[in-house]
Amino acid sequence: VEDVAGETDFNSLTQWLMTNTKDKELTVLMAQLALACKATSRACAKAGIANLFGMYGEQNSSGDDQKKLDVLSNDIFINALLKSGSCCVLVSEENEEPIIVPEELAGRFCVAFDPLDGSSNIDCNVSTGTIFAVYERLSTSPLGTVEDILRTGNDIVVAGYCMYGAATELVLCFKQGKVERFALDPSLGEFIHTHANVRFPADGGKKIYSCNEGNALLWDETCKKAVQHFKSSGYAARYVGSMVSDVHRTILYGGVFIYPADKKSTKGKLRVLYEGFPMALIVESAGGIASTGMFNGSVQRMLDLVPTNIHERCPVILGSPRDVNLILGMYKGTD
Ligand code: AHG
Ligand code: MN
Ligand code: MN
Ligand code: MN
């Protein structure tokens with residue numbers, strides 16, 4: 001019988017993974033990540049009913065006040081990843097120290113994740129997300145080590161984010177791969193492959209700049225000049241305040257997202273391992289550029305950074321080449 005509108009053959013995430021990686025351990029890992037995303041999406045959706053809004057009452061190692069859903073989503077991801085049997089090291093925004101998986105549960109992958117990104121938006125029902133990056137361990141010792149995950153972003157094997165918006169969408173990118181988009185079909189509880197090879201609009205797309213202008217007085221002169229240029233060139237301002245939402249829109253519509261360093265936060269706000277790096281791999285694989293801008297004395301491609309601590313921060317300038325190259329040109333004095 002011909003498959004009528006996905007009734008007899010579903011292009012599910014698991015089918016896509018088995019077809020495209022044939023790596024069963026990685027497929028199990030990704031299936032557990034997808035389960036955690038579905039469970040987090042469900043928790044966010046019922047937060048008002050289940051009294052899950054509001055603060056948890058503690059701070060994380062980045063100094064963020066933890067929301068109840070930061071902690072709940074963190075527990076969901078840790079349980080799913082520990083029991084995948086595929087991981088040896090876990091790094092979470094919400095955990096001060098790396099989690100070294102016990103030998104009997106350990107596998108060959110290391111995962112850095114931000115279980116709930118944009119969590120300051122959750123109590124007013126503005127979209128949030130999850131961001132993750134997967135590495136393959138290098139160490140051969142019985143237990144994984146933090147060195148297995150303190151590496152250049154060029155070693156990432158899979159990067160992804162899930163956006164909890166009107167639709168729950170999962171966006172994945174395998175190293176040297178394309179960017180793939182999946183949407184959750186709630187009636188099946190499955191992520192269904194909806195778009196292959198997601199790319200920035202070839203011409204740079206819509207003229208949109210995205211940043212928190214509340215920090216503008218503290219930026220360096222180049223950032224001020226670049227945003228002033230966008231303003232005087234008819235760009236629209238769009239800023240959700242959840243990195244996943246701002247980056248997803250930037251890839252699909254075009255434009256530029258920046259979270260620069262400033263006089264207060266000299267390394268910027270966003271964290272390298274579970275915000276900057278995964279988004280940089282996805283943006284580059286979609287034909288965009290992800291840079292730190294001028295950082296430690298030179299303009300750096302973000303994925304080339306080698307972090308020295310798991311919650312390290314870096315400035316972020318990412319988006320369409322049209323717009324990012326304009327800013328980088330200003331830094332290099334060529335613009
Ligand atoms: P998180 O909620 O995981 O701590 O991340 C919040 C981040 C990121 O999602 C967003 O781009 C940025 O913080 C917004 O920062 P401001 O509120 O300073 O604009
Ligand atoms: Mn946080
Ligand atoms: Mn975040
Ligand atoms: Mn977070």
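Couple of notes before you dig in:
- Considering segment 77-143, the qualifying strands (runs of 3 or more DSSP E), each wholly inside and each with 2 or more residues that are under 14 Å from Asn60 (Cβ atoms) and within 15 Å of ligand 2 (Cβ to nearest atom), run over 87-92, 109-117.
- Segment 273-300, subset over 25 Å from Gly204 (Cα atoms) and surrounded by 23 or more Cβ atoms within 10 Å (Cβ to Cβ), residue nearest to ligand 2 (Cβ to nearest atom): Tyr274
- Segment 39-62, residues that are open to solvent by less than 40 Å² (accessible area, probe 1.4 Å) and not hydrophobic (A, V, I, L, M, F, W, C): Thr40, Ser41, Gly54, Asn60, Ser62
- Restricted to segment 102-127, and to residues there that are away from ligand 1 (no atom under 16 Å from the Cβ) and crowded, with 24+ Cβ neighbours inside 10 Å, the residue that is farthest from the chain's Cα centre (by Cα) is Phe109.
- The one condition in (1) among the hydroxyl-bearing types (Ser, Thr, Tyr); (2) open to solvent by 50 Å² or more (accessible area, probe 1.4 Å); (3) over 20 Å from Lys267 (Cα atoms) that Thr308 fails to fulfil: (3)
- Residue check for Asp262: closer than 20 Å to Phe200 by Cα, modelled with pLDDT of 95 or more and either assigned to a helix (DSSP H, G or I) or open to solvent by 10 Å² or more (accessible area, probe 1.4 Å) (or both): no
- Of all residues in segment 63-101, exactly one satisfies the criterion of being under 28 Å from Lys46 (Cα atoms), more than 15 Å from ligand 1 (Cβ to nearest atom) and crowded, with 24+ Cβ neighbours inside 10 Å, namely Leu81.
- Residue check, Asn325 of a type in the set (S, T, N, Q), in a loop (DSSP other than H, G, I, E, B) and away from ligand 2 (no atom under 16 Å from the Cβ): no
- Index of the failed condition, Leu138 passing every other in (1) touching a Pro at 6+ places or on another chain (Cβ under 8 Å); (2) more than 11 Å from ligand 4 (Cβ to nearest atom): (1)
The values are calculated or read from the model by the stated rules, or taken from the named source; none is laboratory data. Note that the structure is a prediction, hence the values are computed from the model and not measured. As a convention, Cβ positions derive from the backbone with ideal geometry for all residues, glycine included, and neighbour counts pool all protein chains shown. Heads up: the accessible areas ignore ligands, DNA and RNA and are worked out on the full protein's heavy atoms, side chains in. Shrake-Rupley method; radii C 1.70, N 1.55, O 1.52, S 1.80 Å.
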